[in-house]
Amino acid sequence: MNKIQAVPGGIALSTQGRDKGRYYLIKEVLPGGYVFVCDGEGKKLAAPKKKSLKHLKLLPARAEAIAEKLAGGSRVFDSEVYSALKNYCASTFGADAPEI
């Protein structure tokens, strides 16, 4: 079984903490098993949340357009992150999509 790697633009689900059950987009992978995550609404790109990989469930989905922008150094907007997460939840869960 292939283990999912944390990559910028990847989508993750918080499994621990106050934000348990919340979906995030990975902004940056840090050394020591940490990542910066954001959701475009509560946690903005300008002030991302530092989260341990032990407290996240990495999902196979990836926001390709945002990943390319992050890799290329282009500007990414919070509205793009929010829309990508909302679209992911809607396509995965349909009408029963959780709040982002």
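The values are calculated or read from the model by the stated rules, or taken from the named source; none is laboratory data. Only a predicted model underlies this, so the values are computations on that prediction, with no experimental measurement involved. Cβ sites come from the backbone with ideal geometry, for glycine too, and all protein chains shown count toward neighbours.
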If the Cβ limit is 8 Å and pairs must be 6+ apart or interchain, which residue in region 74-100 that is part of a helix (DSSP H, G or I) and basic (Lys, Arg) pairs with which residue that is modelled with pLDDT under 80 and surrounded by fewer than 17 Cβ atoms within 10 Å (Cβ to Cβ)? 86/97
Residue by residue through region 29-46, note down the ones that are over 12 Å from residue 58 (Cβ atoms) and either under 10 Å from the mean Cα position of the chain (by Cα) or touching a residue at least 60 places away in the same chain (Cβ under 8 Å) (or both). 36, 38, 39, 40
Please pick out the residue among 86, 20 that is basic (Lys, Arg) and either crowded, with 17+ Cβ neighbours inside 10 Å or closer than 16 Å to residue 4 by Cα (or both). 86
